[in-house]
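K.L.:
This is the structure I want to talk about, given as structure tokens.
The values are calculated or read from the model by the stated rules, or taken from the named source; none is laboratory data. From a predicted model like this one, the values you see are computed outputs, not experimental measurements. Please note: Cβ atoms are built from the backbone with ideal geometry, for glycine as well, and neighbour counts cover all protein chains shown.
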């Protein structure tokens, strides 16, 4: 499942005469640490008319992309593999500030995944009417890569489905997909399905009717390369279950000898 800009809307009832917005923007929301990099900078901009008080939080992501994905907030300095500094910042109106992400350890096997939350903080306000304060917090998706980073995506067909498996040690975005009904490129049509395929994970695609091959662009954060996956036999419409049962009932009984 392809990751977009992740944000949370926190609605808090306050006593004030008008609606209040605490806004911010990031110059990027996906960050890759190569094996040789320890530092990455991210720029936070305050387009609001009020001063922005910002707080950052680092979450370690285990089982990324799976149904049992877990995000754990890192507060113990001894267990902190990624540091966001400063953890708190003040950004004047129409200004920006550079925050630094520091990788403190390199993963041994697969890439390590983090999410860093950039959250505005607003102090107590007083007024005579009830209003809404809207806080928009953004998350950056961070990948810290091991030595010799690579993806290795293969595909296996079962009936009318194609299952892609990534045996590499980093994720790859599967995008710009096409299915083709012959060897000619003009027979290829776009696929709308896309995903981020993490290391040691699989993703299953329903094969469009009549396909002879599937093509996907695999993007590793720096480059995209198109890969072609063959369909062993042209797909056919699946037989409805009720017809299968009727056909079984119509079979003649075997003779007894």
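K.L.:
For the stretch 179-189, how many residues are surrounded by 16 or more Cβ atoms within 10 Å (Cβ to Cβ) and not in a strand (DSSP E or B)?
P.N.:
Selection size over the stretch 179-189: 1.
K.L.:
For the stretch 51-70, give me each residue that is crowded, with 16+ Cβ neighbours inside 10 Å and over 13 Å from residue 118 (Cα atoms).
P.N.:
Hits for the stretch 51-70 are 60, 61, 64, 65.
K.L.:
A further question on this structure: Tally the residues that are touching a residue at least 12 places away in the same chain (Cβ under 8 Å) and either closer than 13 Å to residue 97 by Cβ or assigned to a loop (DSSP other than H, G, I, E, B) (or both), restricting the search to the stretch 56-83.
P.N.:
Selection size over the stretch 56-83: 7.
K.L.:
Condition test on residue 192, is it at pLDDT 85 or above, surrounded by fewer than 18 Cβ atoms within 10 Å (Cβ to Cβ) and in a loop (DSSP other than H, G, I, E, B)?
P.N.:
Criteria met by residue 192.
K.L.:
Follow-up question, since we're still on this one. Condition (residue is within 28 Å of residue 72 (Cβ to Cβ), within 23 Å of the chain's Cα centre (by Cα), assigned to a loop (DSSP other than H, G, I, E, B) and modelled with pLDDT of 95 or more) applied to the stretch 38-53: is it met by at least one residue?
P.N.:
yes
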